[in-house]
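Reviewing the structure listed below.
Rule-based calculations on the coordinates, nothing more; no lab input. For clarity, every value in this text was computed on a predicted model and none was experimentally measured. Positions of Cβ are backbone-derived with ideal geometry, glycine not excepted, and every protein chain shown enters the neighbour counts.
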Amino acid sequence: MRRGPKFDTVGGSSTYAVELTKRHSAVSLTRQGADSGHLQVNLSWRMRSSDFDGRPRRGGLLRNPLQAFKPEPVQGHTRGVVTVDLDLACMYELKDGSKGVVQPLGGLLGDINAPPYVKLSGDDRFGGSSGETIYVNLDHKDEIKRLLVFVYIYDGTPAFDRTQAVVSLIPSNGPRIEIGLDERAPEARSCAVVLIENDAKGQLVARREVRYVYGFQSELDRLYGWGLQWARGYKNKADRT
């Protein structure tokens with residue numbers, strides 16, 4: 001019997017997830033039965049306390065000396081600590097040739113029931129357990145050519161190597177798919193995370209990218225040949241408070 005590729009898995013049976021890695025970098029949503037309904041693309045992240053105060057933890061170190069090298073993580077929404085604003089976004093190209101981007105900047109939140117069939121839930125300034133979510137209407141998958149999900153640091157110090165960010169694809173059916181942004185790229189401002197496209201066999205495939213760049217959307221555009229026109233964008237003051 002022919003077997004498909006073996007993927008790394010996360011969690012137990014109730015939280016089963018497929019982890020895309022360098023070695024196993026792609027999964028067919030069609031073969032997983034996950035190419036219909038609404039696909040959620042979620043960004044969540046947290047930072048480590050040692051990145052800010054540099055003070056060793058004292059409690060329990062005598063009983064477990066190695067604990068000194070495992071700094072306690074703190075949630076990304078702690079206002080007094082975090083200086084990084086991660087944003088989730090998506091460039092889209094439909095089969096009719098229309099192209100664009102869904103992102104917090106400019107209020108380009110998209111539409112779930114009309115082209116581009118991609119919608120951003122909103123802008124979460126401080127990370128946390130809920131994070132930011134993009135919804136993709138896969139009932140219109142035949143109208144979608146490709147989607148590039150990416151993350152960028154709008155404000156604050158570039159710190160992809162400290163944010164412990166995870167992008168999860170959560171289909172209506174089938175296992176959750178996770179991509180960790182855990183590679184060291186301390187000066188990077190943007191990261192192409194996953195490319196979702198209809199391949200030559202008519203299957204909808206999600207492919208891990210995790211390609212860091214030192215610029216913003218226009219640099220990712222050139223890297224993937226999207227051909228959009230970009231201008232400097234800013235968030236509203238209300239969004240930045």
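Express the Stokes-Einstein translational diffusion coefficient of region 129-232 in µm² s⁻¹, to the nearest whole number, given a Kirkwood radius over alpha-carbon pairs, 20 °C and a viscosity of 1.002 mPa s. Display every interim value, and only then the final one.
On the way: Rh = 15.0 Å.
It comes out at roughly 142 µm²/s.
Taking a virtual spin label 7 Å from the Cα of THR21 along the C-beta vector, which residues in region 168-188 bring their backbone nitrogen under 17 Å of it?
177-184
Which FRET efficiency value, to the nearest 0.05, is calculated for ARG31 and TYR224 with the Förster distance at 41 angstrom and r the Cβ-Cβ distance?
On the way: r = 24 Å, r/R0 = 0.59.
Efficiency computed from Cβ-Cβ geometry: 0.95.
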